[in-house]
Structure formats: C-alpha cells, structure tokens
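The values are calculated or read from the model by the stated rules, or taken from the named source; none is laboratory data. If you're wondering where the values come from, they're calculated on a predicted model, not measured in any experiment. As a convention, Cβ positions derive from the backbone with ideal geometry for all residues, glycine included, and neighbour counts pool all protein chains shown.
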Amino acid sequence: MRERRLRIAVADDEPVMRLYFQETLPELGHEVIAASENGHELVEACRAHVPDLVVSDIRMPRMDGLQAAQEINRESLVPVLFISGYHEWLRVAEIERDVVLVYLVKPVGPTEMKLGIELVMQRFEQFQELLRQEPNVENALLDRQQVERAKAFLIRWKDFNDRQAFDYIRRHAGENNQSLVHAAQNILQGYHL
C-alpha cells in the first residue's frame, strides 16, 4: 500500500488517550482533524470534516464508537480503527457487515497503531474495488463478507497475508472473467466450505 498522509478523526472518552492519538498519529505522518470525547461528537466532527479514517474507542458516553461508526458510514464510507480497553469481539463482529474496520485491544503502541492503520486502509481499498464492480453499497458490503471469508480461508490454509489473499482472489477473478465475489465463492466452494 502506498503511504499517504491521512486526515483522521479520533474519539475517546479518556483525555489521556485523545492526547496520545493527537501526538502519535502526526508522528506516524498523519493529521488529526478532530478529537471527540463521545460518539455523538465524533459523528458531528465527521460530518463537518469528512476524514479519511476514524480512530475510536468503543465504550464512550452518549453514543458508543460502534453506533457512531454505523451512523458515519450511513452518510459517507469511512474506514474505522477501533482501539478499546475491553474485549468487544462479538459487538464488533455485529457491525462488520456495515463498516470496514480493524479492532485492536489497548494498550496499543505506535507500531501496532501503524500496522492497524495500514491494514484497515488496505481493506478499505479492497472494498472500493468491490464497489466498482457492485455500485450498490449494501450489496457491496454483502459481497465483502464473501471475499473476507475466502481471504480468511486462504490466510489460514495457504499461509497468505491479507494482501496476498486478496491478490489471489483478484487473480482468480481475472483468469476466469468473474467478479471478485464470484471468485471468492468459487474458492470457498472448491474447498467445500
């Protein structure tokens, strides 16, 4: 993935974490365009500034990060990096069909944050490719679930990383003159999953 300076909106109800984001993200080459203490403020900040990425806690007052991410993505598609002090896997999985996201558990150092940003932006680029094939956002999000399942299979059984798995699906699609979702379905069916 090419590195670029991202405009990032951050949210955390802990002032020390907001400060950490505001100091660390510029050190990683990005710009923090808004810092919010709850999900409601985050939604308003994203309406006003339209970020490239959201970095957010999950448990916050007024509106949590998951609800905020869903609201933001109803208006404009934005990838989200969740960083939470709690294990929220089940709640995160519930919105993954609506939002392109990566989830990390605190504490998160600069290296983990950098890798999380790279992964969520890579997944968002992959989703943009699906959108070019299926312009209806709801359908593209459903297609993404199939592609993610095929990627997970390839990562586990072929020892690919996320990028290699997506490239394998893309190559399979091109060789068979198929869409990405059909290639993913064929890969899964071919292995009887």
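From the list R170, R156, R163, the one residue that fits, being over 19 Å from the mean Cα position of the chain (by Cα), among the charged types (D, E, K, R), in a helix (DSSP H, G or I) and surrounded by 11 or more Cβ atoms within 10 Å (Cβ to Cβ), is R170. Taking the condition over 18 Å from L19 (Cα atoms), out of contact with any helix residue (DSSP H, G or I) (no Cβ under 6 Å at 6 or more places or on another chain) and either assigned by TED's automatic domain parsing to the domain that holds H30 or without any contact (Cβ under 8 Å) to a residue 60 or more places away in the chain (or both), does D64 pass? So D64 fails the test. Selection of region 78-107 for residues being modelled with pLDDT of 95 or more and not aromatic (F, W, Y) yields V78, P79, V80, L81.
Test E148 against the stated conditions and say whether it is assigned to a helix (DSSP H, G or I) and modelled with pLDDT under 95.
Values: assigned to a helix (DSSP H, G or I): yes; modelled with pLDDT under 95: yes.
Yes; evaluated as a whole, the condition is true for this residue.
Looking only at region 84-122, residues that are assigned to a helix (DSSP H, G or I) and touching an Asp or Glu at 6+ places or on another chain (Cβ under 7 Å) come to 3 in all. Taking the conditions (1) in a helix (DSSP H, G or I); (2) within 21 Å of M121 (Cα to Cα); (3) not hydroxyl-bearing (S, T, Y) in turn, P51 satisfies each one other than (1).
Answer with yes or no whether R91 is buried (at least 17 other Cβ atoms within 10 Å of the Cβ), over 20 Å from E14 (Cα atoms) and more than 14 Å from the chain's Cα centre (by Cα). Yes; evaluated as a whole, the condition is true for this residue.
Scan I33, I83 and give me the residue that is touching a residue at least 24 places away in the same chain (Cβ under 8 Å), touching a helix residue (DSSP H, G or I) at 6+ places or on another chain (Cβ under 6 Å) and under 27 Å from L131 (Cα atoms). Exactly one of I33, I83 is touching a residue at least 24 places away in the same chain (Cβ under 8 Å), touching a helix residue (DSSP H, G or I) at 6+ places or on another chain (Cβ under 6 Å) and under 27 Å from L131 (Cα atoms), namely I33.
Take the residues in region 39-62 that are of a type outside the set (D, E, K, R) and surrounded by fewer than 19 Cβ atoms within 10 Å (Cβ to Cβ), then tell me which one is farthest from the chain's Cα centre (by Cα).
First pass over region 39-62, keeping only residues of a type outside the set (D, E, K, R): 39-40, 42-43, 45-46, 48-51, 53-56, 58, 60-61.
Now drop any that are not surrounded by fewer than 19 Cβ atoms within 10 Å (Cβ to Cβ), which leaves 40, 48-50, 61.
Numbers: H40: 20, A48: 21, H49: 19, V50: 16, P61: 22 Å.
Filtering first and then ranking leaves P61.
State which residue is nearest to I72 (Cα to Cα) when the search covers only region 137-193 and only residues that are basic (K, R) and touching a Phe, Trp or Tyr at 6+ places or on another chain (Cβ under 7 Å). So that I can check it myself, show each step before the final result.
So the first thing to find is which residues in region 137-193 are basic (K, R), and the list is 144, 149, 151, 156, 158, 163, 170-171.
Of the ones still in play, those that are also touching a Phe, Trp or Tyr at 6+ places or on another chain (Cβ under 7 Å) are 144, 151.
Numbers: R144: 19, K151: 26 Å.
My answer is R144.
Filter region 109-147 down to the residues that are without any contact (Cβ under 8 Å) to a residue 12 or more places away in the chain and of a type in the set (D, E, K, R), then identify the one that is surrounded by the most Cβ atoms within 10 Å (Cβ to Cβ). Out of the qualifying residues, it is E112.
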